Amino acid sequence: MKVLVTGGAGYIGSHTVVELLNDNHEVIIVDNFSNSNPEVLNRIKEITNKEFKFYEVDLLDEEKFEKVFKENQIDATIHFAGYKAVGESVEKPISYYHNNLTSTFILCDLMKKYSVKKLVFSSSATVYGMNNSSPLLETMPLSATNPYGMTKLMIEQILGDLYKSDNSWGIALLRYFNPIGAHESGRIGENPNGIPNNLMPYITQVAVKKREKLSIFGSDYDTHDGTGVRDYIHVVDLAKGHIKALEKFENETGVEAFNLGTGDGISVLDLVNAFKGINNVDIPYELVSRRAGDVATCYADSSKALKELNWKTEKSLEDMCRDSWKWQSNNPNGY
Ligand code: WQD
């Protein structure tokens, strides 16, 4: 298939492009580099030895974005592009709602105009809010505790209504748990701007001595060791889940949500100790107070993805720790 990948120069986007190219799909990347780096494109070519098309376009620029549809016979879209920092969304709600929602409206309008009705949307486990008990199921009630999470929840609702208005669409809503790790080559990986919000990039920056020590947010949660428990999933497993979602809707219509997680709950201390042991590096840390908005425990029931997408994770926690470290140690300052 010829697949449009919005945000394809980003962390999950670039790993998904690699898997698409490996599976001999044709890829068109659209990215404005607001949270990514042009060097990623060179690395994708290096890893896959495959060509792809690239347009430096902000999805909000409808005229420039329409050129992509005019110049390419697109079969399906994977929509990653969007702002994704929880804390930043609390400080800049209008920017988040405008960017994430308006870009999706423009994308859907152009897809409809050019008869592209297959869409895989990058959603998040954050739509389960604070009141559901793990393992989380797609049928559980949804809510949001921050503007970022609310944009994901609203876009899921919007895409559901789009399907109700036109049953010829095939739409997958992929709810990611905690993506970590990197391609085994160490040539692409997570490259956050500024101080990392997420745990693994912070750990790897401490390991490479870019940061002095890790602050562990909360050690008094009702978990096996008092620290937060999450479902860490290797970014390559996550990328492959997108391919499976494309395949499902290639000849089907409908709108379905899928959890993409391992189903295993790993605590912050579990991850720190695994990372230290596997990579034989030190990770100085201190236990500090909880971070506002964090839940104690969050992990997936991904049986629906196994049953309907024939997808399950294959990479281990060791793979995640080893691959994260290989990326960071080979690229201490990112791209
Ligand atoms: C994981 C655990 C922290 C940093 C977020 C978003 C979610 C998705 C994934 C986009 C928690 C602890 C973290 C640190 C720490 N993003 N931690 N010290 O919060 O589960 O999910 O990222 O879709 O939407 O909410 O991920 O990596 O920030 O935190 O102790 O410096 O690590 O308290 O228990 P989170 P995270």
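In table form, for the structure just shown:
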read-out	value
The range 122-166, relative contact order in percent, only Cα pairs under 8 angstrom and at least six apart counted	37
Total formal charge among the other residues, if their Cβ is under 9 angstrom from that of Lys248, Lys/Arg +1 and Asp/Glu -1	-4
Length added when fully stretched, Leu137-Leu101, from 0.36 nm per residue minus Cα-Cα	10.5 nm
Karplus-derived HN-Hα couplings along the range 323-335 (A = 6.51, B = -1.76, C = 1.60, θ = phi - 60°), whole Hz, x at Gly and Pro	6, 4, 5, 4, 4, 5, 6, 7, 9, x, 10, x, 6
Expected-Rg normalisation [2.2 N^0.38 Å, Cα atoms] applied to the range 199-335	1.19
Contact order normalised by residue count of the chain, Cα under 8 Å, 6+ apart, percent	20
Ranked list, fewest to most other Cβ atoms within 10 Å of each Cβ, for Thr104, Thr48	Thr48, Thr104
Between the range 179-251 and the range 88-157, the Cα center-to-center distance that results, in Å	20
Residues of type aspartates and glutamates that Lys164 reaches as a straight line, Cα spacing below 20 Å, ignoring anything fewer than 8 places off in the same chain	Asp109, Glu138, Glu156, Glu250, Glu252, Glu256
Projected label distance in nm at Asp61 and Lys113, using a 7 Å step from Cα toward the beta-carbon	1.6
Net length gained if the chain between Lys45 and Arg290 were fully extended (0.36 nm per residue, minus Cα distance)	84.0 nm
Burial ranking of peptide ranges 200-206, 218-224 (average Cβ count within 10 Å, highest at the top)	200-206, 218-224
Links that overshoot a 20 Å alpha carbon limit, given the list Lys67/Lys112; Lys152/Lys210; Lys210/Lys326; Lys50/Lys326	Lys152/Lys210; Lys50/Lys326
Computed [θ] at 222 nm, deg cm²/dmol, the chain (DSSP H ≥ 4; -39,500 (n - 2.57); rounded to nearest 500)	-12000 deg cm²/dmol
Charge dipole (debye, nearest 20) of the range 259-310; +1 at Cβ of Lys and Arg, -1 at Cβ of Asp and Glu	100
Relative packing of 132-139, 149-156, which averages over residues the other C-beta atoms within 10 Å, highest first	149-156, 132-139
Percent RCO, i.e. relative contact order, over the range 244-323, from Cα pairs under 8 Å lying at least 6 residues apart	49
Neighbour-count ranking [beta-carbon atoms within 10 angstrom, fewest first] of Cys321, Cys108	Cys108, Cys321
Cα-Cα over 19 Å, subset of Lys240/Lys276; Lys2/Lys118; Lys45/Lys248	Lys240/Lys276; Lys45/Lys248
Thr253 versus Ile195: modelled label distance in nm, points set 7 Å from Cα along the beta carbon direction	5.0
Kirkwood hydrodynamic radius over Cα pairs of the chain, then Stokes diffusion coefficient at 20 °C and 1.002 mPa s, in µm²/s	106
With Cα atoms, 0 to 90° folded angle of helix 62-71 axis to the chain main axis	70
Amide proton proximity set for Ile29, modelled H, under 5 Å, gap of 5+	Val5, Lys53, Phe54, Tyr55
Amide H contacts of Ser124 (H built 1.01 Å from N, under 5 Å, at least 5 apart or other chain)	Tyr176
Between the range 12-61 and the range 293-335, the alpha-carbon center distance in angstrom	20
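No value in this document is a laboratory result; all are computed from the given coordinates. Bear in mind that the values here come from a model prediction, so they are computed numbers and not experimental data. We place every Cβ from the backbone using ideal geometry, glycine too, and count neighbours over all the protein chains shown.
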